[in-house]
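The values are calculated or read from the model by the stated rules, or taken from the named source; none is laboratory data. Just so we're clear, the structure is a prediction, and the values are computed from it rather than from any experiment. We place every Cβ from the backbone using ideal geometry, glycine too, and count neighbours over all the protein chains shown.
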Amino acid sequence: MENVYGYIRVSSADQNEDRQILALQGKEVPPQNVFRDKQSGKDFDRPQYQKLVKKLKAGDLLYVLSIDRLGRNYEEIQNQWRILTKEKGVDVAVLDMPLLDTRLNKDLMGTFIADLVLQILSFVAQNERENIRKRQAEGIAAAKARGVRFGRPPRPLPENFIGIYRRWKTNEMSGVAAAKACGMTLSTFRYRAAIYEKTNCDAGK
């Protein structure tokens, strides 16, 4: 007898799995046969997915809610689909795309249509992923242009910084001496001095 499995993937721990869980419950997938990964879909190097593939055998049925839950890399999706359906002889049903159900229309035309739909959807999944990355990069660039800084916040300035800075600015101290007095490297002292000048209208007075 065939075993019925389900696969769920979210990209991060704070994303909600409920929609995928409900979809699989509607197909009466046994709870112990549901495999879940909380990981990016950029590739298939995911522990639960790999564990699932090892359990699958010819005649088994695998449900996934949508093709992008399976993965987001065009070539990888194509390769995994071939491994599951051709090499292992597993049936795959994508719930939000009825045409991607290998139990139906197993003749040549049905296979051609399913393969064509798969190619289109996997391309769309990867294209969306690339668009997301592009939008993120554009957002970061725009934020940096507005002066937003990313990463750890800088350490507070030492209490003697302003006095040392002013002595350095009036050439009473060398940069090396000023940096040493503030417990900084010379490059860090100059960097913090430049920020201080930008953020304090009375800097250097």
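Being in contact with a helix residue (DSSP H, G or I) (Cβ under 7 Å, 6 or more places away or on another chain), farther than 29 Å from Arg133 by Cβ and of a type in the set (Val, Ile, Thr) is true for just one of Val90, Val29, Val94, Val64. Which residue is that?
It is Val90.
Which members of the range 125-140 meet the condition of being among the hydrophobic types (A, V, I, L, M, F, W, C) and either at pLDDT 75 or above or in contact with a Phe, Trp or Tyr (Cβ under 9 Å, 6 or more places away or on another chain) (or both)? Show your work before the answer.
Of the range 125-140, the ones among the hydrophobic types (A, V, I, L, M, F, W, C) are 125, 132, 137, 140.
The answer is Ala125, Ala137, Ile140.
Which of (1) under 22 Å from Val117 (Cα atoms); (2) touching a helix residue (DSSP H, G or I) at 6+ places or on another chain (Cβ under 8 Å) does Leu56 not meet, given it meets every other one?
Answer for Leu56: the failing condition is (1).
Would you say Glu17 is out of contact with any helix residue (DSSP H, G or I) (no Cβ under 6 Å at 6 or more places or on another chain) and either at negative phi or surrounded by 14 or more Cβ atoms within 10 Å (Cβ to Cβ) (or both)?
Here the answer is yes, as Glu17 does meet what is asked.
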